[in-house]
Amino acid sequence: MDVNQVLTGTLSPDASIRSAAEQQLSQAAEADFPGYLITLSRELANEQAQSQVRIAAGLALKNSFSARDFARLREVQNRWLTQIDPQIKQQVKDFSIQTLGSTDSRAGQSSAQFIASIAAIELPREQWPELMPALVENVGSGTDQKKQSSLTTIGFICETEDTDLRDSLAQHSNAILTAVVQGARKEEPNNDIRNAAISALGDSLEFVRTNFENEGERNYIMQVICEATQADDSRIQQGSYGCLNRIMGLYYDKMRFYMEKALFGLTIQGMRSDEDDVAKLAVEFWCTVCEEEISIEDDNAQAQAEGTELRPYFNFARVATQEVVPVLLELLAKQDEDATDDEYNVSRAAYQCVQLWAQAVGSQVVPPILSFVEGNLRSEDWHYRDAAVSAFGAMMEGPDEKVLDPLVKQALPVLIGMMSDQSVHVKDSAAYALGRICEAVSESIDPREHLQPLITALFGGLTSHPKMASSCCWALMNLADRFAGEPGCQTNALSQHFQASVQHLLQVTEQTQDNQLRTAAYEVLNAFVTNAANDSVQMVASLSDVIIDRLEKTIPMQSQVVSVEDRLTLEEIQTSLTSVVMAIIQRLEKEILPQSDRIMQLLLSLLSNLGGKSSVPDTIFACIGALANALEDGFEKYMQPFSPYLLNALNNQEEPQLCAMAIGLVSDITRALEGKVRPFCDPFMNSLLNNLRSTTLGNQFKPAILQCFGDIAQAIGGEFETYLSVVAQVLQQAAGISVQSENTNNFEMLDYVVSLREGIMDAWGGIIMAMRAGNKANLLEPYIESIFQLLQTVYQDPNRTEALLRSSMGVVGDISEAFPAGNYSTYFRHEWLTAMCRETRANKEFTPRTQETARWAREQIKRQAGYELTPSKRRLAVSTPANRWILAQRKYQEARPPPWGGVPSDIEPPPAPANMVDRRATAGLQEPSNERLEPSPLLAGDMRALIGIGLAKDCPFANRSGTPPGLQCDFGSD
């Protein structure tokens, strides 16, 4: 293999050459990985090699130990740890360190990336102890090129997302600071070195907390950064303001002295810089100040209620309002006429900051903004008219509504009039400001006085220019949401405008050729349909004919597609129309029945005609879910033709979004059909379990799958016995996943574990109710202890959500009702369980639903605590009519034969006492049915029946007698 030729090929613009070269590298790595590393690292250090060859070598080396997927990352890192001889490791590292001193700066940067990838493996394991001292030495005494490359290396190491590496960097803080501060000082004559140092300093700030706690060290760091804001090189200025942003976010409590002495003036100076990138970062400093102070106020309000320690709060924004806000308002007028909608410039940064300022200081921001608006609203320069309108809209959230109310009422006619301004930028900002008013202070809009001209102006703006489409549509959607009235109301403020608005939207969507406008208009139509009052329902029903007709006409258009652009346009139209159909179904509910056959046939036709990798099926599945919810068991007749599409999506792990929609749709259909879903449960369960075992799907899908198990159980009741042993094993395995102490700052993992526990609890809740309904509660006995262990884990873990606690309380009550004779009363006597119920019920931030569930669970705990254990048997501690009935009921259950036999005629269930109250019934839950179910061939373990209904021969439920061998679901771990 010609290394130079292959490495050059990996950077080729020709995809075929690039792919062939990458394949050769991959084969070389598989054949002799140590030799591969030595060859590439030698080429990286080769001063005679071409620059692009050295860059490619460094990139290939870095990619050998990098991966986006966490599991793959650990795999490639483990390869370095276990497969490479220490001497070869040392050679490779020596070559990479040597390259930092290369006269080829691009080779040095490529080597810096590779060194960072190895540091991520070795530093957390306290290996490569000579790395940081070597980098510090390079910065202190190396050539300019070696200094710059070494500082870049430190920056790459510090910007890592690797949790283990981030945790280990604190112990290297002295070395890191020594290098970066030395390079960032104003005495450094080389601006490239100084820029690299200030960038590395910004990346390292999170890991030098110990140094920041020391006043002397902190003063020196702040001095170096503040001096860097005055550098001649704009790159260094940008880096220094970026550092100040991060410092304010990380060390707000240490900033009072520096704000008074330097930062206030420096940031105002920065905002007035002619360099837009410098000005943006100076503005963002004050965004960070506002965000921190909003967060501190929220935290302190909670701490005050709980009686815990308050965070330091210095009112930086409030104190600086009169000086900083006028500067921000002037920056609003620096719009770029040719800027795209997603371009972030100084004017947009200033708008964001004004919004945050209003939220941080409230009504105090009104006087300077009002003064600016009054002075510029009629300016001849459109930049200032636009800035005035934008400023008014920016302060709609934060100030007291009593302060805003008269201002909004006075401004509404003016803003509506500015929807006819000569400048499209002013009109767009006016529409957005009106949307802000509708969103935040809709009470100030008088429906009789303002609604008609407001709707007219926004619809006029919708068609006047494509640039205004999104702002007008957003304002109209806010308008529809705010004037919808109470759910189920007979009429609302929109009713008299509903028909005209719908007709206008239908006209716009029919006539326009602008895709963005069409999509936005359909979104507005969705909002109007969703918020239609009862007196507009007939018009919604009539609208369904128009929308369904339009959607039907798109099917033959699929054969006319000749380009990728045509296909994307058609799919966008189909997605928009299907979304409107879904909104109509959700609004009409059961009244959609006359159209249901036509709708379902249309949706099935769309699914059968769509190509792969289309975005339309996601919306179609959501629409079918809405139809199932509306029709409930009436949806059963569509299951036979639809289930193949659902199973295909459920098994399509290459398209995770579609698979996720299918998982949710299984739950929707299961809840709608209840017991009638039974014929489809085997393939559903098989696919769901396969998805749990998959390494292709991310962890975020697994909680939803567990919840789906609970929905299926609740739907089919005692027949869930077929799946119980398998699902119980899965739930017990999932319950063992936790966040280790060293990863408590990994918020993604924390969220996942909480979501997983919510899924487990929802699953157990459905299963327990199912087994109780089928008079098979005894099948749960092997799992009760593990359920209480998980409940205790939930209680002891401070990371828990309201939803998790509500589900946990439900499971506690469900177990009590499944075993009313006190079989497991011992578990209910644990103090932690009582405390868990009490705390959940007493939390005033929780919804009444959660508090009521906790109250019900507490009653069940008291009921179970009325039992006590004796050496021979369990008996009731208190003799009451209700308790005597429970004992009699238990004896009746014990006398009954197995489920597949009949009940002897001489055994009758005891009547309940007249004064006994069923607590489960009072909680809105139904009693189980006493109807007998005949066993199916599946329950008898008939493998032929399994194969006969089209399941895979390795179906995990083939082994009915126990846990399937080798069942292992990948829930992830630390």
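The values are calculated or read from the model by the stated rules, or taken from the named source; none is laboratory data. Treat the numbers as computed from the prediction; the structure is a model and nothing was measured. Here Cβ is always computed from backbone atoms with ideal geometry, including for glycine, and neighbour counts include all displayed protein chains. What goes into the accessible areas is simple: the full protein's heavy atoms, side chains included, and nothing from ligands, DNA or RNA. Shrake-Rupley method; radii C 1.70, N 1.55, O 1.52, S 1.80 Å.
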Item checked: Between segment 547-566 and segment 211-255, the Cα center-to-center distance that results, in Å -> 57
Check: Over the chain, what per residue volume does the convex hull of the Cα atoms give, in whole Å³?
Finding: 226
Check: If you place +1 on the Cβ of every Lys and Arg and -1 on the Cβ of every Asp and Glu, how big does the dipole about the Cα centre of segment 169-314 come out, in debye to the nearest 20?
Finding: 400
Check: Residue-wise, which Karplus ³J(HN,Hα) couplings in Hz belong to segment 23-28, taking 6.51 cos²θ - 1.76 cosθ + 1.60, θ = phi - 60°, and x for glycine or proline?
Finding: 5, 5, 4, 4, 5, 5
Next item on the list: Mark the label point 7 Å from the Cα of residue 343 along Cα→Cβ and return the residues of segment 240-279 whose backbone N is within less than 14 Å of it.
Entry: 276-277
Note to self: Can you compute the modelled spin-label distance between residue 295 and residue 449, with each label point 7 Å from Cα toward Cβ, in nm?
What the structure shows: 4.2
Notebook entry, point to check: Based on the Cβ-Cβ distance from residue 847 to residue 48, what FRET efficiency comes out when R0 is 56 Å, to the nearest 0.05?
Noted result: 0.20
Item checked: Residue-normalised accessible area of segment 383-494, expressed per residue, 1.4 Å probe, Å² -> 39
Notebook entry, point to check: In cubic angstrom, how much convex hull volume per residue do the alpha carbon atoms of segment 683-788 span?
Noted result: 92
Notebook entry, point to check: Between residue 593 and residue 159, what is the spin-label point distance in nm, taking each point 7 Å from the Cα along the Cα→C-beta axis?
Noted result: 6.2
Next item on the list: Report the dimensions of segment 721-859 along its three principal axes from the alpha-carbon atoms, largest first, rounded to Å.
Entry: 44, 34, 24
Next item on the list: State in Å² the accessible area per residue of segment 782-843; use a 1.4 Å probe, count heavy atoms of protein chains only, and round to the nearest integer.
Entry: 38
Check: Any number yet on Rg/Rh for segment 373-531, C-alpha, Kirkwood?
Finding: 0.96
Note to self: Tell me the carbon and sulfur percent of the accessible area for segment 227-347, rounded to whole percent, probe radius 1.4 Å.
What the structure shows: 44
Notebook entry, point to check: Under the Kirkwood approximation for Rh and a Cα-based Rg, what ratio Rg/Rh is obtained for segment 590-728?
Noted result: 0.96
Margin query: How tilted is helix 564-588 with respect to the longest principal axis of the chain? Cα atoms for both, answer in degrees (0 to 90, nearest 10).
Written below: 40
Next item on the list: Rounded to whole Hz and in sequence order, give me ³J(HN,Hα) for segment 264-276 from the Karplus expression 6.51 cos²θ - 1.76 cosθ + 1.60, θ = phi - 60°, writing x for Gly and Pro.
Entry: 4, x, 5, 6, 5, 4, x, 5, 8, 5, 6, 7, 4
Check: Ignoring ligands, DNA and RNA, what percent of the accessible area of segment 373-488 is carbon or sulfur (1.4 Å)?
Finding: 48
Next item on the list: Find the relative contact order for segment 203-248 and round it to a whole percent, using C-alpha pairs within less than 8 Å whose residues are 6+ positions apart.
Entry: 32
Checklist line | Sequence-separation-based contact order of the chain, relative, with Cα cut under 8 Å and 6+ spacing, percent | finding: 4
Check: Going by a ≥ b ≥ c, the root eigenvalues of the Cα gyration tensor, does segment 60-199 fall in the rounded group (a/c under 1.5), the prolate group (a/b larger than b/c) or the oblate group?
Finding: prolate
Note to self: Using Cα-Cα distances under 8 Å and only pairs 6 or more residues apart, what relative contact order does segment 639-714 have, in percent?
What the structure shows: 36
Item checked: Mean shadow area of segment 551-656, taken as a quarter of the surface of its Cα convex hull (nm²) -> 6.7
Check: From largest to smallest, what semi-axes in whole angstrom does segment 148-247 give when each is the square root of 5 times an eigenvalue of its alpha carbon gyration tensor?
Finding: 20, 15, 11
Checklist line | Size-normalised alpha-carbon gyration radius of segment 241-296, reference 2.2 N^0.38 Å | finding: 1.07
Notebook entry, point to check: What per residue convex hull volume, in Å³, do the alpha-carbon atoms of segment 463-589 yield?
Noted result: 97
Check: Roughly how many Å is it from the Cα centre of segment 349-374 to that of segment 155-178, as a whole number?
Finding: 39
Item checked: Per residue accessible area of segment 574-664, 1.4 Å probe, in Å² -> 40
Item checked: Stretchable slack from residue 75 to residue 191, in nm (0.36 nm times residue separation minus alpha-carbon distance) -> 37.8 nm
Next item on the list: Starting from the Kirkwood radius over alpha-carbon pairs of segment 386-468, derive D by Stokes-Einstein at 25 °C in a medium of 0.890 mPa s and give it in µm² s⁻¹.
Entry: 193
Item checked: For the chain, calculated [θ]222 nm from helices alone, where every DSSP H run of n ≥ 4 adds -39500 (n - 2.57) -> -21500 deg cm²/dmol
Next item on the list: Give me the angle, in degrees from 0 to 90, between the Cα long axis of helix 191-204 and the longest principal axis of the Cα atoms of the chain, rounded to the nearest 10.
Entry: 20
Item checked: Virtual paramagnetic centre 7 Å along Cα→Cβ of residue 733, amide N under 19 Å, in segment 788-808 -> 790
Next item on the list: Pop out the carbon and sulfur fraction of the accessible area of segment 535-581 as a percent, whole number, probe 1.4 Å.
Entry: 58
Margin query: Principal axis extents for segment 278-328, Cα atoms only, whole Å, descending order, please.
Written below: 41, 20, 12
Notebook entry, point to check: Regarding segment 202-356, what is the average projected area of its C-alpha convex hull, in nm²?
Noted result: 10.4
Notebook entry, point to check: Taking the alpha carbon gyration tensor of segment 291-389, what are the square roots of 5 times its eigenvalues, largest first, to the nearest whole Å?
Noted result: 32, 15, 9
